[in-house]
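Notes for the one structure printed next.
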Amino acid sequence: MTSSSSPVDASGKVLTSNPHLIKWVAEMAALTKPDRIVWCDGSADEKKKLTEEAVELKILEPLNQDKLPGCYLHRSNPNDVARVENLTFICTPTKDEAGPTNNWMDPKEAYAKVGKLFDGSMKGRTMYVVPYIMGPAGSKLSKVGVELTDSIYVVLNQRIMTRMGRVALDMLGDTGPHSNDFNRGLHSTLDCNPERRFICHFPQDNTIWSVGSGYGGNVLLGKKCLALRIGSYLGKTEGWLAEHMLILGVESPEGEMTYVAAAFPSACGKTNFAMMIPPKRFKGWKIWTVGDDIAWMHVGDDGRLYAVNPENGYFGVAPGTSYESNPNAMKTIMKDTIFTNVARTPDGDVWWEGKDGPVPPEVIDWKGNPWTSKSPEKAAHPNSRFTAPAKNNPWLSKFADDPDGVPISAIIFGGRRATTVPLVMQAFNWLNGVFFGATLGSETTAAATGKVGVVRRDPFAMLPFCGYNMGEYFQHWLKMQSKITHPPKIFLVNWFRKKDGKFLWPGFGENMRVLKWIVDRARLRVGGQETVFGWVPKAGDLDLSGLNIPHEQVDDATNIDLDEWQTEVESYGEFFKSLGAEMPRALELHRELLLARIEAVKGGHG
Ligand code: OXD
Ligand code: MN
């Protein structure tokens, strides 16, 4: 194909005549030198062909097709099993624009350095052109991206995670003012060597270059790279919010719908919360999933905040997922799902630590080796994943595809905290809510660091995903208040508080009780108790009927201890300072005011 000819699909129909796209693909092909270029149309035939090829090449292994129709297993290179924050760069003209929380590289240097790696990286390979939409097709909130990749695994995953193929090319169009408005993503697995692995973002160019990895978070460029890092930058410049938040709808027995968005750092149960099933006591209540990881939120003409989920599937962590923790996820992954780095049972089923039922006596582990229940190693990698279509979710909201999004009445921030943070607390106002987000922290787990209980600040759960200066990002949130005349109420939750080493709150479906208070607060119809830090439920406000735990335990879970809070708020000082000159003064003043109020309440000088 020459650089100016229009690509066609398998039946010879022209896919696009967009001159910007055709030119860019030709330029990137000149750099990476693939043997073949294949333009993806997103059709069922194409999926079948690519899947067969992936099986032939041992990129995918068919699972038991009676038990798990359309499901396949992929084993990644063992050196390539997670996002690589240390190799992820924000490439802005100045270091300040990326801010102190991001790795920075000068764009010229990055293009030159990573360009050398891309030079000839696709020799002997096929370059797949993967056009995709983040967000519902045709929505003015959505963005088009095109990923060029030499990985069939990426193509098949992008097919699940996004609206992929002709639909995206149609949305982009061939001519007109927006025909050059697409994210340019280039990916090559290269030799999958961590020494030659870089995930570079160029926000000003709406461009992503990812090389040397095949792992989802590094290579499914629509997800963390476009929807969050580039998305947050676009959100700042265009006046909207790209957030690491699930979106769910709470339906009352009377049919009243309330939508909630919630940000939790990794390993805090976001997917479980997004797919929660209310306990028996909440007969007639329903939870509908709109999204489990990312929310793009815009202000509507009515001054409310509207959210769309830019994704079309779930890239969820497998270990710990079971019929007990998340029955809807288990139903979702029964068909047309790609599993990565899980274990395989002798009858071609999948297994991971924390799945229901007895531990199988023997499986093939995530590296492809025989494993028995006596093995000291884990059978599935702790970050093993399922990639499953959203449409498989039995409780997928019928508005998940709505081009206008859903109106958000409450925003929740949550972390994993053994002490200090109560079960639930409502911010007094927008600033107080932004302060909750800015100071969000979560305890590292033993599996992750070897040190238990160290609080890592993860503002808005965006620390690894904010594509620009974090202080400026806080400022953007503060500024959004002027546009949102009917703002959602903002809450902080903590399902993980402990006493004597034991969790005080049962979590999972029982979180519905907290969610109900949040919905009722958002709708101004339930009481609350004012504290120095926010509103908490008064005795009797939380519906605890049918909950089989002593009420004192709930009191402990909701308690506010001023000494603990003093230490907590003091600790924010260092953190705020570390964010540098862009840190909004209003948040530091709020911190100081809180310290003064704690003093005053304790009887000091305030
Ligand atoms: C994810 C993450 O994979 O947050 O969603 O790491
Ligand atoms: Mn995430």
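Has segment 536-558 got at least one residue that is aliphatic (A, V, I, L, M), outside the structural domain of PRO488 (by TED's automatic domain parsing) and part of a loop (DSSP other than H, G, I, E, B)? Explain how you work it out, then say what you get.
Start the filter on segment 536-558 by keeping residues that are aliphatic (A, V, I, L, M), which leaves 536, 539, 542, 544, 547, 549, 554, 557.
Now narrow it down to the ones that are outside the structural domain of PRO488 (by TED's automatic domain parsing): none.
Taking every residue of segment 536-558 in turn, none turns out to be aliphatic (A, V, I, L, M), outside the structural domain of PRO488 (by TED's automatic domain parsing) and part of a loop (DSSP other than H, G, I, E, B).
Give all pairs with beta carbons closer than 7 Å in which a residue from segment 215-232 that is closer than 14 Å to ARG83 by Cα and among the charged types (D, E, K, R) meets a residue that is open to solvent by 10 Å² or more (accessible area, probe 1.4 Å) and at pLDDT 95 or above; count only pairs at least 6 apart in sequence or on separate chains.
If the second residue must be open to solvent by 10 Å² or more (accessible area, probe 1.4 Å) and at pLDDT 95 or above, the pairs left are LYS223/PHE315.
Restricting to segment 73-104, what's the tally of residues that are modelled with pLDDT of 95 or more, in a loop (DSSP other than H, G, I, E, B) and within 18 Å of HIS201 (Cα to Cα)?
Residues flagged as modelled with pLDDT of 95 or more, in a loop (DSSP other than H, G, I, E, B) and within 18 Å of HIS201 (Cα to Cα) within segment 73-104 amount to 8.
Tell me yes or no: at least one residue of segment 214-221 is more than 29 Å from GLN481 (Cβ to Cβ), touching a Phe, Trp or Tyr at 6+ places or on another chain (Cβ under 7 Å) and small (Gly, Ala, Ser).
Yes, segment 214-221 contains at least one residue that is more than 29 Å from GLN481 (Cβ to Cβ), touching a Phe, Trp or Tyr at 6+ places or on another chain (Cβ under 7 Å) and small (Gly, Ala, Ser).
Does segment 208-217 contain any residue that is in the same structural domain as LEU31 (by TED's automatic domain parsing), within 16 Å of ligand 2 (Cβ to nearest atom), within 21 Å of ILE160 (Cα to Cα) and not aromatic (Phe, Trp, Tyr)? Quick ask: steps written out before the conclusion?
Here is the first cut: in segment 208-217, the ones in the same structural domain as LEU31 (by TED's automatic domain parsing) are 208-217.
From what is left, the residues that are within 16 Å of ligand 2 (Cβ to nearest atom) are 215-217.
Next, from what is left, pick out any that are within 21 Å of ILE160 (Cα to Cα): 215-217.
Right, trim to not aromatic (Phe, Trp, Tyr) and you get 216-217.
Yes.
Can you work out which of the residues in segment 285-314 that are away from ligand 2 (no atom under 16 Å from the Cβ), assigned to a loop (DSSP other than H, G, I, E, B) and out of contact with any Ser or Thr (no Cβ under 7 Å at 6 or more places or on another chain) is most open to solvent (accessible area, probe 1.4 Å)?
ASP301
List pairs: first residue in segment 375-398 and more than 19 Å from GLY354 (Cα to Cα), second residue in a strand (DSSP E or B) and of a type in the set (Val, Ile, Thr) anywhere in the structure, Cβ distance under 7 angstrom, at least six positions apart or on different chains.
These pairs meet every condition: ASN393/THR289; TRP395/ILE287; TRP395/THR289; LEU396/THR289; SER397/THR289; SER397/VAL290.
For segment 2-16, check the following and say yes or no: at least one residue is touching a residue at least 60 places away in the same chain (Cβ under 8 Å), touching a Ser or Thr at 6+ places or on another chain (Cβ under 9 Å), open to solvent by 70 Å² or more (accessible area, probe 1.4 Å) and not hydrophobic (A, V, I, L, M, F, W, C). Lay out the reasoning, then the answer.
Step one: list which residues in segment 2-16 are touching a residue at least 60 places away in the same chain (Cβ under 8 Å), which gives 7, 9, 15-16.
Adding the requirement that they be touching a Ser or Thr at 6+ places or on another chain (Cβ under 9 Å) leaves 7, 9, 15-16.
Then keep just the ones that are open to solvent by 70 Å² or more (accessible area, probe 1.4 Å); that gives none.
Looking through segment 2-16, none of the residues is touching a residue at least 60 places away in the same chain (Cβ under 8 Å), touching a Ser or Thr at 6+ places or on another chain (Cβ under 9 Å), open to solvent by 70 Å² or more (accessible area, probe 1.4 Å) and not hydrophobic (A, V, I, L, M, F, W, C).
Go through segment 315-344 and give me each residue that's among the aromatic types (Phe, Trp, Tyr) and open to solvent by less than 10 Å² (accessible area, probe 1.4 Å). Break it down into steps so the answer makes sense when it comes.
Going residue by residue through segment 315-344, those that are among the aromatic types (Phe, Trp, Tyr) are 315, 323, 339.
Residue satisfying the conditions is PHE339 alone.
Say we look at segment 341-361 and pick out the residues that are in contact with a Phe, Trp or Tyr (Cβ under 8 Å, 6 or more places away or on another chain) and either in a strand (DSSP E or B) or not β-branched (Val, Ile, Thr) (or both); which of these is farthest from ligand 1 (Cβ to nearest atom)?
It comes out as PRO360.
Within segment 378-487, considering only helices (runs of 4 or more DSSP H) that don't extend past its boundaries, which have at least 3 residues that are at pLDDT below 95, surrounded by fewer than 19 Cβ atoms within 10 Å (Cβ to Cβ) and more than 16 Å from ligand 2 (Cβ to nearest atom)?
446-449
Just for segment 191-244: of the residues that are basic (Lys, Arg), more than 16 Å from ligand 1 (Cβ to nearest atom) and within 25 Å of PRO382 (Cα to Cα), which one is least open to solvent (accessible area, probe 1.4 Å)?
As a first pass, look at segment 191-244 and keep what is basic (Lys, Arg): 196-197, 223-224, 229, 236.
Within this subset, residues satisfying the condition of being more than 16 Å from ligand 1 (Cβ to nearest atom) are 196-197, 236.
This time we only want the ones that are within 25 Å of PRO382 (Cα to Cα), so: 196-197.
Working: ARG196: 85, ARG197: 6 Å².
Applying the filter and picking the extreme gives ARG197.
Closer than 30 Å to THR101 by Cα and open to solvent by less than 30 Å² (accessible area, probe 1.4 Å) - does that describe any residue in segment 513-532?
Checked against the condition, which is being closer than 30 Å to THR101 by Cα and open to solvent by less than 30 Å² (accessible area, probe 1.4 Å), segment 513-532 yields at least one hit.
Mind checking which strands (runs of 3 or more DSSP E) fall wholly inside segment 154-258 and carry at least 2 residues that are under 17 Å from CYS91 (Cβ atoms)?
Values: elements: 183-188, 198-202, 207-211, 241-243, 245-251.
Where strands (runs of 3 or more DSSP E) fall fully within segment 154-258 and carry at least 2 residues being under 17 Å from CYS91 (Cβ atoms), they are 183-188, 198-202, 207-211.
Just to be sure, is TRP517 closer than 16 Å to MET425 by Cβ and outside any loop (DSSP other than H, G, I, E, B)?
Values: closer than 16 Å to MET425 by Cβ: yes; outside any loop (DSSP other than H, G, I, E, B): yes.
Against the criterion (closer than 16 Å to MET425 by Cβ and outside any loop (DSSP other than H, G, I, E, B)), TRP517 qualifies.
Identify the single condition in (1) under 20 Å from ASP401 (Cβ atoms); (2) in a helix (DSSP H, G or I) that LYS140 does not satisfy, given that it satisfies every other one.
(2)
(1) more than 16 Å from ligand 1 (Cβ to nearest atom); (2) in contact (Cβ under 8 Å) with a residue 12 or more places away in the chain: which one isn't true of GLY255, the others all being true?
Every condition holds for GLY255 apart from (2).
Return the pair list, or none, for Cβ contacts closer than 8 Å from residues in segment 313-329 that are closer than 17 Å to THR340 by Cα to residues that are among the acidic types (Asp, Glu) and within 12 Å of ligand 1 (Cβ to nearest atom), at least 6 apart or on different chains.
Pairs found: TYR314/ASP292; TYR314/ASP293; PHE315/ASP293; GLY316/ASP292.
Return only the number of the condition from (1) closer than 15 Å to LEU423 by Cβ; (2) over 33 Å from the mean Cα position of the chain (by Cα) that ILE598 does not satisfy.
All conditions pass for ILE598, except number (1).
Could you tell me which residue of segment 259-276 is nearest to ligand 1 (Cβ to nearest atom), considering only residues that are part of a strand (DSSP E or B) and open to solvent by less than 10 Å² (accessible area, probe 1.4 Å)?
Among those residues, the one meeting the criterion is ALA263.
The values are calculated or read from the model by the stated rules, or taken from the named source; none is laboratory data. Just so we're clear, the structure is a prediction, and the values are computed from it rather than from any experiment. In this analysis, Cβ positions are derived from the backbone assuming ideal geometry, glycine residues included, and neighbour counts consider all displayed protein chains. Calculation scope for accessible area: heavy atoms of the full protein, side chains included, ligands and nucleic acids excluded. Shrake-Rupley method; radii C 1.70, N 1.55, O 1.52, S 1.80 Å.
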